[in-house]
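Everything below concerns the one structure shown next.
Here, each number is a calculation from the coordinates, and none is a lab measurement. The structure presented is a predicted model; accordingly, all values stated were derived computationally and were not measured. All Cβ positions, glycine included, derive from the backbone under ideal geometry; neighbour counts span all protein chains shown.
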Amino acid sequence: MIEIRDLHKSYKVGSNSLHVLKGINFNVAEGELVSIMGSSGSGKSTLLNILGMLDEADEGSYTLDGVVIKNLNEKIAARYRNKFLGFVFQSFNLISYKNALDNVALPLYYQGIKRGERIDKAMSYLEKVGLADWAGHLPNELSGGQKQRVAIARALASDPKVLLADEPTGALDSKTSYDVMNLIQEINDEGRTILVVTHEPDIAAMTKRIVNLKDGRIIQDTQVNQVRAQENV
Amino acid sequence: MFELERWEEIFDTIRKNKLRTFLTGLSVASGIFILVILLGIGEGMRNGISQEFQRDAANIIYVYTGVTSKEYKGLNPGRRIQMKNEDFNYTALKHQDDLEYKSSIFRIWNGIVNFGKESGSYRVEGVYPDYQFLENSGMVEGRFVNYKDHENFEKVVAIGKKVRDDLFKDGKDPLGEYVQISGINFKVIGVFTDPGGEREESLVFMPLSTAQRVFGGANNIANMAFTLEPEDNFEAALAASNYFSTEIENQLKETHTIAPEDESAVSINNSLENAKRFYDLMDMIKFFFWGVGICTIIAGVVGVSNIMLIIVKERTREIGIRKALGAEPLSIVGMVLHESIFVTAIAGFIGLIASLMLLEFVGPLIETQYISNPAVNFNVALTTVFILVIAGAIAGFFPAWRAARIKPIEALRDE
Ligand SMILES: Nc1ncnc2c1ncn2[C@@H]1O[C@H](COP(=O)(O)OP(=O)(O)OP(=O)(O)O)[C@@H](O)[C@H]1O
Ligand SMILES: [Mg+2]
């Protein structure tokens, strides 16, 4: 599903350049649930942003579902993001003036789906994350866990190939974190490929594979026995 | 793109961001409002000043004489030039095809007018019947002096409304009554009004012939007044009027042996010349108000641009989210512009309608000396709304374009 070869990324900081990713090689097969770990500043978010086409690598190749991702202009990148990818952020990134349902429906708007169908689909995803009753609520009327579940529903709405989650539980307490991980596991059980960036070993343990990053390099990449979040609730 | 969907998205945004919409709208609406009111007042000033200038016939040419200032053909300077009936008759005959109205004027100084116990001092003048039209006077009752009065040396007078109000108390009808001027009885045959107001209604007119005979004027006249037949346009009228003025000046100078370059002996007041000044003044007022108007529009455009800048800044994160979810840059620009054009257009029309209503209902009530019936050309007002909307769109385009081009991660990092 994802193949990256020799990926490099530097940021310009003043007159210096900061080499953040120093040659990443990494494959993800369809249906995997991968966690990316590493200390702060190791380049986890940078990697995920490049995978999410929110940012571009300086060097190396990236193939997503057989499509070579290279020299994208904004327009094509937007289309690929819409078609292939779903994002879940630590800070939720819901649009504050739209209610839960409209937030979930937004990716569908950019797919050109008519309003009626959009609302139906969005509603079914809200049901899936257990928030059908909260459809009409604005983000600031929801708890952190609920917000993240709305964000997950939104990420799923466009039926993406890969779900990318950057510290999805970073702003949540452990009980709520497990709820969210439970949801992520359920989605993965249905066969969707998911990458989760996290700091927390217990969250990483709930995935099927842990990739460890240090100073812009992968130092460890291990398959693990998945801990079901359900058992921790 | 999916037009209807876009509209829904815009309405959604507007509905849920009422304050932002209100503030944008307010600045646009008030800009248009101020502009239209301003243009309306400008128009009102033009109307008011026009009325001020309409005291006499617009194209009247007034001839009067003074004292010579230059020696000429052995005659000393300081000679008083006295026009005679012959001067008037000669001109009237020579230019009979060009003249519309003509009259000479004999002035009776110290015109004390009595009726019963009431008396007052007024300008008393002997004139030809045409003088009514030269003065732009209208009759309230009775008639003006006519040619028969003139031929028969009738002792009749037409009095101004002010004279009537002064002398004839308790609403007494002056027609057929006799007033005394310097002790001599004159029958009142008419009462006139004048657009020049009270000053021009404090006058008493009698036939020229009567005046000259009764008040020892021989065949002397004080002034001559003429209007020329109308021309097709202002420029032609001005040319004809200037030509006539020169003719008459030369004629008088020749008859009365005055140096051609003598400036003070013969004066010709050509009101079309004044009219030109008046039209120039009008144009200046117009330019001034347009200048202020354009500044208002510029201020409005700057205001709208500022608001657009703030809105786009405020929405940077939202734009980042939308882009992450698959919004193309063009759709972001489209969304921002669509909303801003919609809001400025609606607000512009609200401002337009409010100001037009104000002018419509309050305008006619304003009747000061210099402002009358302020109004504004609807097309002009409409155009200003379009200018503001288009300018707002252009002003909004650049921040929107910039925002649409920021990388989504940068937009998302924006706290
Ligand atoms: N836009 C940028 N400009 C300059 N430097 C950047 C930029 N984004 C990230 N960096 C730097 O790159 C390095 C890696 O950042 P990254 O966000 O990938 O770290 P991370 O592993 O996600 O850390 P954390 O766990 O704290 O989120 C950091 O040193 C960071 O300061
Ligand atoms: Mg990070």
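Taking A:K9 as the residue in question, decide whether it is closer than 19 Å to A:D166 by Cα and either in contact with a His (Cβ under 7 Å, 6 or more places away or on another chain) or part of a strand (DSSP E or B) (or both). Yes; evaluated as a whole, the condition is true for this residue. Once region A:105-136 is narrowed to residues that are surrounded by 16 or more Cβ atoms within 10 Å (Cβ to Cβ) and part of a loop (DSSP other than H, G, I, E, B), the residue that is nearest to the other protein chains (Cβ to nearest Cβ) is A:Y110.
For region B:392-405, a tally of residues being more than 10 Å from chain A (Cβ to nearest Cβ) and either more than 45 Å from the chain's Cα centre (by Cα) or buried (at least 18 other Cβ atoms within 10 Å of the Cβ) (or both) returns 9.
Yes/no matrix, rows are residues, columns are (1) out of contact with any Ser or Thr (no Cβ under 8 Å at 6 or more places or on another chain); (2) more than 16 Å from ligand 1 (Cβ to nearest atom):
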| site | (1), (2) |
| --- | --- |
| A:S143 | no, yes |
| A:A165 | yes, no |
| A:T176 | no, yes |
| A:L183 | yes, yes |
| A:I187 | yes, yes |
| A:I203 | no, no |
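For region A:61-75, the condition holds for at least one residue, the condition being that it is within 8 Å of another protein chain (Cβ to nearest Cβ) and within 21 Å of B:A404 (Cβ to Cβ).
Within region A:154-202, the set of residues being touching a residue at least 40 places away in the same chain (Cβ under 8 Å), buried (at least 20 other Cβ atoms within 10 Å of the Cβ) and over 18 Å from A:L33 (Cβ atoms) comprises A:R154, A:A157, A:S158. If you go through region A:87-101 and pick out every residue that is facing chain B (nearest Cβ under 9 Å) and under 15 Å from A:G52 (Cα atoms), you end up with 2.
Scan region A:7-23 and tell me whether some residue there is within 14 Å of chain B (Cβ to nearest Cβ), away from ligand 2 (no atom under 16 Å from the Cβ) and of a type in the set (K, R). Within region A:7-23 (the criterion being within 14 Å of chain B (Cβ to nearest Cβ), away from ligand 2 (no atom under 16 Å from the Cβ) and of a type in the set (K, R)), the answer is yes, since at least one residue qualifies. Close Cβ contacts (under 6 Å, 6 or more residues apart or on different chains) running from residues in region A:204-216 that are within 17 Å of A:S177 (Cβ to Cβ) to residues that are surrounded by 22 or more Cβ atoms within 10 Å (Cβ to Cβ) and among the polar types (S, T, N, Q) comprise A:A204/A:S35; A:A204/A:T198; A:T207/A:S35; A:I210/A:S35.
State all residues of region A:43-53 that are small (G, A, S), more than 9 Å from ligand 2 (Cβ to nearest atom) and within 16 Å of A:H19 (Cα to Cα); if no residue qualifies, say none. Within region A:43-53, none qualify. The residues of region B:55-105 that are of a type in the set (S, T, Y) and part of a helix (DSSP H, G or I), listed by number, are B:Y90, B:T91.
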